[in-house]
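The values are calculated or read from the model by the stated rules, or taken from the named source; none is laboratory data. Here the structure is a predicted model, which means the values were calculated and not measured. Ideal geometry is used to build each Cβ from the backbone, glycine not excepted, and the neighbour counts take in all protein chains shown. Calculation scope for accessible area: heavy atoms of the full protein, side chains included, ligands and nucleic acids excluded. Shrake-Rupley method; radii C 1.70, N 1.55, O 1.52, S 1.80 Å.
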Amino acid sequence: MYGLVLEGGGAKGSYQIGAYKAINECGLEISAVAGTSIGALNGAMIVQGDFDACLELWDDIRYSDIIIDNDQELNRLLHTKPDRYTVKLVADKLRGVISNKGFDITPFRNMIAMNTREDEIRNSKIEFGIATYNLTDRIPMELFKEDIPYGEMKDYLLASAYMPFFKIEKIGGKTFLDGWFHDNLPYHMLIRKGYTNLIILRTHQMNPGELEDLEELKPMIIYPKEDLGRTFDLDNQRVKKNMKLGYYDALKEIKQLKGYRYYIEPETEEYYFKYLENIGDEKIEELCNLLNIDATPGLSILFGQIIPRLGSMMDIEKGYDYETFIIYILEYILEAGEVERFEVYNFEKLMSILKQSNGKFHKREHTRYDSIMNRFGKLVPFNRDEILLEAARIIFMD
């Protein structure tokens with residue numbers, strides 16, 4: 001039984017839906033959900049058992065589902081560099097916001113009303129909590145479903161996602177702000193309820209030192225390793241990519257897959273050691289030439305000089321194992337060959353793909369612009385990534 005925590009993040013919430021799809025498919029049972037902002041809305045639909053509808057909602061979401069405005073104009077404002085037209089448009093919008101006290105979010109309110117059902121949320125066996133900020137009383141609020149007055153569930157879901165530039169709407173005569181102003185990742189709510197097995201779905205990349213207070217609990221933290229785009233970027237292709245990324249990132253955590261951009265089933269350390277041990281003196285000699293190592297080819301040179309030098313070039317943290325080294329350098333050639341990223345692979349399948357590549361990964365032809373001659377007359381790639389790609393080709397290709 002797990003407690004699920006959903007971070008706020010606007011349009012980046014699509015990542016969470018992909019991640020939850022993997023959680024659901026893998027049979028992890030959720031007994032409590034806490035969310036902020038878009039995380040609260042995603043959480044409400046999960047709690048009421050309507051995940052398929054949540055998928056459909058994200059699959060077809062538009063700017064006009066949030067505020068009253070023209071989709072094309074909003075898209076231009078968000079994705080183009082300023083020109084005379086956009087500057088004027090921004091000025092007109094801001095004048096309208098000031099005179100009307102914010103963007104009209106009637107569509108967003110309607111979307112919440114259409115996609116959440118209070119009775120089903122309340123009757124669900126899954127506990128549910130949200131974070132918001134009471135601006136009128138200047139107090140943060142963490143509310144579980146039993147704390148919310150009956151008939152006001154949708155109002156409080158809106159309150160948890162209420163940004164300062166929205167048109168002012170009050171609940172019980174009070175003004176609220178997005179839960180981000182209090183706690184954008186409300187895991188403490190579930191800890192205080194006694195939950196120790198946590199799954200945390202983030203919408204932002206992790207920073208060093210974050211969530212140190214959770215080290216003893218060892219939660220499953222699923223987070224993007226790359227930028228998910230702007231908070232209000234509802235471009236359909238971006239949304240779908242983020243959903244797919246969330247799905248595979250969650251599979252990686254749940255199934256302990258390896259890889260950094262790819263998703264690779266784990267093997268033993270001995271398996272990777274034997275692979276390196278069997279690459280042969282001919283390839284070791286090629287690697288020596290590539291790295292300008294003047295030595296007789298052999299395993300002692302491979303493990304003592306070649307691998308440490310390549311590892312240093314890839315900025316791998318000290319103390320890495322052979323599995324880490326293999327996957328780091330393997331991904332150079334996978335990306336160069338545009339191997340489909342979103343699939344779960346085993347190492348043997350990836351080797352088969354490389355062998356069947358029909359020359360796509362073959363040794364590149366050097367030009368005077370990307371290579372130099374060293375003092376021994378050996379041709380050396382000029383760019384670090386070119387060196388690593390060539391090393392990967394030598395290690396993994398026949």
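Restricting things to alpha carbons, find the Rg to Rh ratio for segment 303-360 using the Kirkwood radius for Rh.
Details: Rg = 12.9 Å, Rh = 12.7 Å.
Rg/Rh for segment 303-360 comes to 1.01.
Can you check what the net charge comes to around Glu331, using other residues whose Cβ is under 10 Å from the Cβ of Glu331 (Lys, Arg +1; Asp, Glu -1)? Walk me through the intermediate numbers first.
Details: positive: Arg261, Arg341; negative: Glu335.
So the environment of Glu331 carries a net charge of +1.
Select from segment 133-165 those trypsin sites (Lys or Arg not before Pro) which occupy a DSSP coil region and have at most 15 other Cβ atoms within 10 Å, ordered by residue number. Walk me through the numbers before you get to the answer.
On the way: sites: Arg138, Lys145, Lys154; in loops: Arg138.
Here the sparse-neighbourhood loop sites are Arg138.
Using the per-residue mean of other Cβ atoms lying within 10 Å as a proxy for protection, in what order, highest first, do the peptides 343-353, 10-20 fall? Intermediate results must be reported in sequence, preceding the final value.
Working: 343-353: 14.9, 10-20: 27.5.
The packing order, highest mean first, is 10-20, 343-353.
For segment 238-307, report the translational diffusion coefficient in µm²/s to the nearest whole number, using Stokes-Einstein at 10 °C, 1.306 mPa s, and a Kirkwood Rh over Cα pairs. Walk me through the intermediate numbers first.
Working: Rh = 14.8 Å.
D = 107 µm²/s.
Sum up the charges of everything whose Cβ sits under 15 Å from the Cβ of Tyr195, counting Lys and Arg as +1 and Asp and Glu as -1, but leave Tyr195 out.
-1
Can you compute the FRET efficiency between Ser352 and Lys240 using 1/(1 + (r/R0)^6), with r the Cβ-Cβ distance and R0 = 30 Å? Round to the nearest 0.05.
On the way: r = 29 Å, r/R0 = 0.95.
That pair, Ser352 with Lys240, gives E of 0.55.
When the chain is fully extended, how far beyond the present Cα-Cα distance does Met1 get from Phe342, taking 0.36 nm per residue of separation?
Roughly 119.9 nm would be gained on extension.
Under the 0.36 nm per residue contour assumption, what length would be gained going from the current alpha-carbon distance of Phe51 and Met313 to full extension? All intermediate terms of the calculation are to be shown ahead of the outcome.
Values: separation 262, 0.36 × 262 = 94.32 nm, distance 4.43 nm.
Result: 89.9 nm gained on full extension.
When you count, for each residue, the other Cβ atoms within 10 Å and take the mean per peptide, how do 27-37, 286-296, 272-282 rank with the highest first?
The packing order, highest mean first, is 27-37, 286-296, 272-282.
How much length would be gained if the chain were fully extended between Lys255 and Asp294, taking 0.36 nm per residue of separation minus their Cα-Cα distance, in nm to one decimal? Walk me through the numbers on the way to the answer.
Working: separation 39, 0.36 × 39 = 14.04 nm, distance 4.27 nm.
Using 0.36 nm per residue and subtracting the Cα-Cα distance, I get 9.8 nm.
Hey, what's segment 224-322 come to in accessible area per residue, 1.4 Å probe, Å²? Please report the intermediate quantities before stating the final value.
Working: 5280 Å² over 99 residues.
Accessible surface, normalised per residue, equals 53 Å².
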